[in-house]
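The values are calculated or read from the model by the stated rules, or taken from the named source; none is laboratory data. Only a predicted model underlies this, so the values are computations on that prediction, with no experimental measurement involved. Note that each Cβ is placed from the backbone with ideal geometry, even for glycine, and that neighbours are counted across all protein chains shown.
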């Protein structure tokens, strides 16, 4: 777990969070694909590897993420088991705040 | 040529055609490569679950001769989860009973997605089979400024890595050379440079290999490969373990159990599969380090922009419904002129037969059996072609995957997942490929449920039945202005019937079956692309040809048998009696009223002959059974006769009604024949309620031998097949009864 910095726009270590908490457009890296063994193994085989760049394209159910160069559709409750970390926590603070407010 | 050694089967000792197995992740251009290498045009689906069948082709390699190339279903990993992947594993390990072990493996790897694709390659190296890697999508990679050092990668992996672009036929020559080199090579395959595992795992694997030596298909002792040993150790309850349990190799089974326990102790809490996955990715990262350069940032694609609309919950659903509506309405209007042309041709043939052939059983066979029967089915070819065309276009352009994603929401309501979407949708074209497509469903319970409700989806064989009866008995009244007609609406209702009923049935079946564990639903969305006209048209041609061949063989045979059963026995006494009555009538009357009298006589004669024929006797037996549905014995018999293939009901009714009306007027089109058909008391045989009950019966019944046989093969159980047949027949019977009495109560068609 890293600490959040304000301003500057330097890439920082954000907290690891669940993929289902992201908004469309958020991007970062995969921390871990959790859940039952078969599930985690399957996710990893499909590309959810630790350190792999990931971006959320569609929230809701089903979720659509861009992982590497593939686009994968997932159910929301399955996505909740995937831990991710935002790449740049302060890329656009105003957008984040307005999204949070929505 | 050296003598074969007992432990390492050498290529030079091979006396069969060398076999190469083609494998790789889905959506990597595997099928395009297969086509390019073998020259056979095959189905190109950019959606997992479409290429399910095993496909084999031949190619010629310099210095080797003819080689067989086998295309395996796309798989992400050899830790087989779905039956699809299990097949791939079996073929690679030589466990498929009818296939000896492959001589080489050609793995196709997507250059834009190397990290994930190399996962499978790391497993393939562990099988010990000679391997060539084809690096595909190089054009896409270049467009995204991804640089891959193929030679460096080849050195690192220890296998040839050939960049190709299958769609543009680039790199195929070097690929062929690499394959030829591999097959010509007499030396034993090099040790695989695969992932390095921690000691606990490797020791367990070695222990298993030591006891795992067994005779292969040719009777020579072969070692358990590293890959098999690893899978047995790590995949608890997996495919290979289940296979092992069904073979009698008690020492190995015991050892597997022992080693697993030891492994758990030594790993002290970490699951073995996690250790394996971590080791593999460490190996992958090491392999790619310095040999792949990527821009780093995730780049959006044009597909993403399109998806923003098409996967939107509101707009996406609207688009899907619009697409479905276009397809259905088009099925009706676009094919009309073609259908009329075919009908015209058939009428002409009938007239020719009347003039050319002498009266008697041969002429009756040709007209009422062959032409009436088969022709009535061929007339619907345009509609079936259009249906296949629409489905092919949607698949090829990539929209199907999005539709499956949207459908996941709805499908999860009856407990299934979006993965059931393609099997169920394909069943709208034909139940056989639809049921086979269910192989990609990981969850065993979901798979069984999908297979059991797939036949409820109104397949293309039911379409002629609907169209015929709707055209004959449903008034062509426009609804909502001229946008939709009552006929189109009825067609839509028939299609929806099976779909709507499938929901509670699927839900109920799922509750009834034991829960086997929830598999994750992960669906890959391929990039949108313009559908290739050549591929689409080829697929339409292949599918319609299959339909025609069915009409040609099964239905032809069934129709002729039906005709014979309806024609014979033909007692001369009855014919003589009616001839006498005809003469009497002609003598006694000379007014216009005579024609009606002759008509009536002819009808009575046909009816009586039919009544005492073999078919008629059978029909009379079951008449009380079908009376509640508003049917008479002829419809009942036609339903019985259509057991091998539903379309036969049309030709059966054609035969029965043609024979039962004016035998001297051939080529009366079926619609008219149906309208004119009369019961014994002179009332029309078919009214709107009766037509509806027939349509509902065929919408829900399991009248298709091919589908039932496929069902048995895919479920491996006659019990489930019998259950499917039973529940659908009961449903069809009940539904037909409700339709008939309901329509009468509502006063429709009165």
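Just one of the listed residues (B:259, B:251, B:286) is under 30 Å from residue B:148 (Cα atoms), more than 13 Å from chain A (Cβ to nearest Cβ) and in a helix (DSSP H, G or I), and it is B:286.
What number of residues in the range B:521-535 are over 30 Å from residue A:63 (Cα atoms) and either in contact with a helix residue (DSSP H, G or I) (Cβ under 7 Å, 6 or more places away or on another chain) or within 14 Å of chain A (Cβ to nearest Cβ) (or both)?
Of the residues in the range B:521-535, 1 are over 30 Å from residue A:63 (Cα atoms) and either in contact with a helix residue (DSSP H, G or I) (Cβ under 7 Å, 6 or more places away or on another chain) or within 14 Å of chain A (Cβ to nearest Cβ) (or both).
Regarding residue B:469, is this residue farther than 25 Å from residue B:712 by Cβ, at pLDDT 80 or above and crowded, with 24+ Cβ neighbours inside 10 Å? The answer is yes for residue B:469. Applying the selection to the range B:278-300, what residues are surrounded by 15 or more Cβ atoms within 10 Å (Cβ to Cβ) and either at pLDDT below 80 or under 34 Å from the mean Cα position of the chain (by Cα) (or both)? Within the range B:278-300, B:294, B:298 meet the criteria.
Taken together, B:179, B:232, B:153, B:175 contain a single residue that is at pLDDT 75 or above, in contact with a helix residue (DSSP H, G or I) (Cβ under 6 Å, 6 or more places away or on another chain) and crowded, with 18+ Cβ neighbours inside 10 Å, which is B:232.
The number of residues in the range B:100-127 that are touching a strand residue (DSSP E or B) at 6+ places or on another chain (Cβ under 7 Å), more than 21 Å from residue B:228 (Cβ to Cβ) and within 14 Å of another protein chain (Cβ to nearest Cβ) comes to 6.
With a cut-off of at least 1 residues that are at pLDDT below 75, name the helices (runs of 4 or more DSSP H) lying wholly within the range B:659-724.
In the range B:659-724, the matching helices (runs of 4 or more DSSP H) lie at B:670-676, B:705-715.
Number of residues in the range A:22-54 that are out of contact with any strand residue (DSSP E or B) (no Cβ under 9 Å at 6 or more places or on another chain) and either over 13 Å from residue B:277 (Cβ atoms) or more than 8 Å from chain B (Cβ to nearest Cβ) (or both) equals 1. Taking the stated definitions as given, is residue A:1 at pLDDT below 85 and at the interface with chain B (Cβ under 7 Å from one of its Cβ atoms)? Judged against the criteria, residue A:1 is not a match. Counting only helices (runs of 4 or more DSSP H) that sit wholly inside the range B:122-184, those with at least 3 residues that are closer than 14 Å to residue B:22 by Cα are B:172-184.
The conditions of being touching a helix residue (DSSP H, G or I) at 6+ places or on another chain (Cβ under 6 Å), crowded, with 18+ Cβ neighbours inside 10 Å and at pLDDT 80 or above are met by residue B:255. The number of residues in the range B:185-229 being at pLDDT 80 or above and part of a loop (DSSP other than H, G, I, E, B) comes to 4.
Counting only helices (runs of 4 or more DSSP H) that sit completely within the range B:353-458, those holding 1 or more residues that are within 17 Å of the chain's Cα centre (by Cα) and crowded, with 23+ Cβ neighbours inside 10 Å correspond to B:381-397, B:399-411, B:421-429, B:431-437, B:444-453.
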